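Just below is one structure, and these are the notes that go with it.
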Amino acid sequence: MRELIYLTVVLPLLGFLINGIFGSKIKNEKVIGIIGSSTIGISFIVTLFAFFETLSLPTDQRMLIVSLFTWLKVGGLDVSFAYQVDQLSLIMALIVTGVGFIIHVYSIGYMHGDKSFWRFFAYLNLFIFAMMNLILADNFVLLFLGWEGVGLCSYLLIGFWYDRKFEKSTTADAAKKAFIVNRIGDFGFLLGMFLIFLTFGSLNFNEVFSRANTFSVSTVTYGFIALFLFIGATGKSAQIPLYVWLPDAMAGPTPVSALIHAATMVTAGVYMVARTSIIFASAPDIMMVVAIIGVLTAFFAATIGIVQNDIKKVLAYSTVSQLGYMFLAMGVGAFGAGIFHVMTHAFFKALLFLGAGSVIHAMHEEQDIQKYGGLKKYMPHTALTFLIAALAISGIPPLSGFFSKDEILWYSYSNVGIIFWLVGVITAMMTAFYMFRLYLLTFEGKERFGHDKHPHESPKVMTIPLMVLAVLSVIGGFVGIPEVFSGEHGNQFHNWLSPIFADAERKLIHFGYHSHFEEILLMTLSVIFAGSSIFLVRYIYLKSPKIADNVSSRFSGLYKTLWNKYYVDEIYDAIIVNPIVVISKNVLWKFTDGKIIDGLIHSLAKLIDVSSSLFRKFQNGLAQFYALIMVLGIAFTLFWIIMSF
Amino acid sequence: MTITIEYYLILSAFMFIVGVAGVLTRRNAIIVFMCIELMLNSANLTLVAFSSYLGSSVGQLFVFFVMTVAAAEAAVGLAIIIAIFRNKLTVNIDDINILKW
């Protein structure tokens, strides 16, 4: 089955082609939906078989490269369409196809009645195609193809409702913003790739990584490669300073937010760092940068999330924050823990977004949580699954989020220092706070919506995916029970991934020895913090809602700053966007383009015009005049020849 | 008095100049055409003169060729002039300036 892994790429492409070309002719939504979903469903089954086959093999035979054809061969560069089936890519492929399939099914219900139903499914399939290329690639170029492909699909899907208003502009502007910010990151990624090729003479993963073990390369070179790659990752995975596109990406339909902007695409950066772990491990300074950026992103995004009132905005900042955790894990060398969090986060964040979609659906496109309230009564399934996801993301044991998040916190304490742990725990507290604020304002308390709204539970095609994800959110963590609980077997998830990160971990120096007692103590502390935070928010928003207003008016400056997202968008506008616009308009366009380039061409044309108006006089169409010129020419030539004797 | 080659050449040059002058100055296409024939024949005269002067028959041989070509040219040229006359009802070459764009 492992050799058939290319089907997981080909089938979504096929689905895209069928729905993309014939979709507008197929009037039946069911047919389109089944074509779109089944291609992903079959891909998931193929991946599942490949996974179990790999699981049954001894560790040293688990990696397989399925080579399809040679793509580019120029000089020393040899790139082929080859897919690498190994422990890491299989985990990612399972997440993408599995969660992707669930979201496809959900979309059949959510997008029901949309005039471009077929276009939506075509784009979703194209996205899975690109994402699978990204994950399964065995070289940087193919990874980059997928990397750009998912960026394109993200753009297409954010702007899916291109004629709708979004905040101050349109969804098309949000799509453009996402694309351009991503391009900035991609530029860094490209530079990293060039530097890798320059240093190691190859872009193939196995060659580069084995040469990284044997070649003697300076730390500075490693540092630059890692930094450039990390810039690429900050763009795709929405980290400081390039996270600004993700909140705006919420302009897209909610299943898109769940699939692309929560579960899969935004984790591509984490995956890429994990894949190139050996390079990052060789540049300890950059590892520290990754950890700092990660923890800062986690912290600041969480603070913004606390005050937002748009249900999807809160979830968007929550995603940015959780991605920060993943990068914290990468930065402290806990690659396995980061990938573990990618997986659990995919479950509960997709669930949260789909639950939010269900609510938005029921409330006729209303997204302001201040205008919700008491919805539990009307939509019990959505409320229950949302609650499970909120508990999972808050890190309440034994739900999945607890295991992955605590593992990251533990490694940041044991590998680097208590400061990272502390910021991480405060962020976890805030996470619990805003998640339960969201839950309580939406599903509990008094009804704050008008009588024109008639909330209702969503159809089964939407609630069943919610339940499946809820089950996964509950049990997803058990594959990675930490050593302290599972005893001699150790962490199964880590054992599975360890061959991938073995080289990187050998290079890293771990600090000191830490006892199991410490681990359990820290774990208990973080659970207590998260739990108390939930009780606090319950008290504030259910018992005495006035407290929230009092606090926000007491600290109105802080509140305003958070409400306006630290004015980062405004700052970027002021120091980057506007200068670029002004310079582009006045210097590049009006001067360089208008005066220099156009001026050059215009004066050249003028020169030809003037000179030809002179020569045009000779072309009067009179044969005799031509003959005269010819005779004069001959006479002159003869004269000249004679005189030269 | 022997007639040396110079006489032939002078006569030939004179004929040629008359032909050129005719081609350049006259407006009637027929006359222009005849002047072209005059130029051709002046060239023929030169060829024959040199042939006799050098005691070689090559020049005479060329004359035959020139006469053949001139005959063909006369046929084609006159046909063109007739065709133009049918179209424009004139053979004044000042009015025939369609070479100009």
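Count, for each residue of B:23-33, the Cβ atoms from other chains sitting within 10 Å of its Cβ, then give me the mean as a whole number. Working shown, then result.
Working: counts 5, 7, 2, 1, 1, 0, 1, 0, 0, 3, 0.
Taking all residues of B:23-33 together, the mean is 2.
Between their Cα atoms, which of A:Lys177/A:Lys460; A:Lys376/A:Lys560; A:Lys312/A:Lys543; A:Lys115/A:Lys177; A:Lys405/A:Lys560 are more than 27 Å away from each other?
Where the Cα-Cα span goes over 27 Å, the pairs concerned are A:Lys177/A:Lys460; A:Lys376/A:Lys560; A:Lys405/A:Lys560.
If you consider only alpha-carbon coordinates, what radius of gyration and Dmax does region A:139-563 have, in Å?
21.3, 71
Placing one identical point scatterer on every Cα of region A:248-364 and ignoring solvent, what is log10 I(q)/I(0) from the Debye formula at q = 0.10, 0.11, 0.19, 0.22 Å⁻¹?
-0.31, -0.37, -0.94, -1.15
Calculate the spin-label point distance for A:Asp452 paired with A:Ser532, positioning each point 7 Å from the Cα along the beta-carbon direction, and give it in nanometres.
Output for this residue pair reads 4.6 nm.
Give the long-range amide H neighbours of A:Gly445: residues separated by 5 or more places, or on another chain, with amide H under 5 Å away, using H modelled in the peptide plane at 1.01 Å from N.
A:Gly374
Between 0 and 90 degrees, rounded to the nearest ten: what's the tilt of helix B:5-25 against the longest Cα principal axis of chain B?
10 degrees
How large is the direction-averaged shadow of the alpha-carbon convex hull of region A:569-643, in nm²?
9.1 nm²
Counting only C-alpha contacts under 8 Å and six or more residues apart, can you give the relative contact order of region A:139-563 as a whole percent? Before the final figure, lay out the partial values.
On the way: 721 pairs, mean separation 65.7, N = 425.
Relative contact order comes out at 15 percent.
Taking the Cα centre as origin and putting +1 on Lys and Arg beta-carbons and -1 on Asp and Glu beta-carbons, what dipole magnitude results for the protein assembly as shown, to the nearest 20 debye?
With only Lys, Arg, Asp and Glu charged at Cβ, the dipole is about 1880 debye.
Restricting things to alpha carbons, tell me how big region A:304-374 is in terms of Rg and Dmax, in Å.
Taking only Cα atoms of region A:304-374, I get Rg and Dmax of 14.5, 45 Å.
So what's the net charge close to A:Met265: Lys and Arg +1, Asp and Glu -1, counting the other residues with Cβ under 12 Å from its Cβ?
On the way: positive: A:Lys236; negative: A:Glu148.
Value of the local net charge: 0.
Is there a quick way to get the dipole size of chain B? I mean about its Cα centre, with the Cβ of Lys and Arg at +1 and of Asp and Glu at -1; what is the value in debye to the nearest 20?
Values: 5 positive and 5 negative charges, 67 e Å.
Result for chain B is approximately 320 debye, rounded to the nearest 20.
Tell me the net charge near A:Leu525. Cut-off is 14 Å between Cβ atoms, A:Leu525 excluded, with +1 for each Lys or Arg and -1 for each Asp or Glu.
Overall, the nearby charge balance is -2.
With +1 on each Lys and Arg Cβ and -1 on each Asp and Glu Cβ, and nothing else charged, work out how big the dipole of region A:139-563 is about its Cα centre, in Debye to the nearest 20.
In total the dipole reaches around 1000 debye.
If you wrap region A:76-185's Cα atoms in a convex hull and average its projection over all directions, what's the area in nm²? Present the calculation step by step, with values, prior to reporting the outcome.
Numbers: hull surface 34.1 nm².
Convex hull of Cα atoms, orientation-averaged projection: 8.5 nm².
Based on the mean of other Cβ atoms within 10 Å per residue, sort peptides A:587-596, A:109-118 so the most packed one is first.
Sorting A:587-596, A:109-118 by mean packing, highest first, produces A:109-118, A:587-596.
Å³ per residue of the Cα convex hull, for the protein assembly as shown?
Dividing the Cα hull volume of the protein assembly as shown by its residues yields 291 Å³.
Kirkwood hydrodynamic radius (Cα pairs, Å) of region A:1-138?
Every distinct Cα pair counted, the radius reaches 15.6 Å.
Test of understanding: ordering A:Phe436, B:Phe65, A:Phe44 by Cβ neighbours within 10 Å, fewest first, what list do you get?
Exposure proxy ranking, most exposed first: B:Phe65, A:Phe44, A:Phe436.
Over the Cα atoms of region B:1-86, what Rg and Dmax result, in angstrom?
Calculated on Cα positions, Rg and Dmax stand at 15.1, 53 Å.
Rounded, prolate or oblate: pick one for region A:219-281, where a ≥ b ≥ c are the square roots of the eigenvalues of its C-alpha gyration tensor, a/c under 1.5 means rounded, and failing that, prolate if a/b is larger than b/c, else oblate. List each step's numbers first, then the result.
Values: a/c = 5.24, a/b = 2.20, b/c = 2.39.
In terms of gyration-tensor shape, oblate.
Order A:47-58, A:152-163 from most to least packed using the mean count of other Cβ atoms within 10 Å.
Descending mean neighbour count gives A:152-163, A:47-58.
List every residue whose amide H lies under 5 Å from the amide H of A:Tyr83, counting only residues 5 or more places away in sequence or on a different chain, with H placed 1.01 Å from N in the peptide plane.
A:Val66, A:Ser67, A:Leu68
In what sequence, highest mean first, do A:218-225, A:474-481 appear when ranked by Cβ atoms within 10 angstrom?
A:474-481, A:218-225
Using a 10 Å cut-off on Cβ to Cβ distances, tally the other chain neighbours for every residue of A:619-626 and report the average as a whole number. Walk me through the intermediate numbers first.
Working: counts 3, 3, 6, 6, 8, 8, 2, 1.
Averaged over the peptide's residues, the number is 5.
No lab work stands behind these numbers, since they all come straight from the coordinates. Not measured: the values here are computed from a predicted model. All Cβ positions, glycine included, derive from the backbone under ideal geometry; neighbour counts span all protein chains shown.
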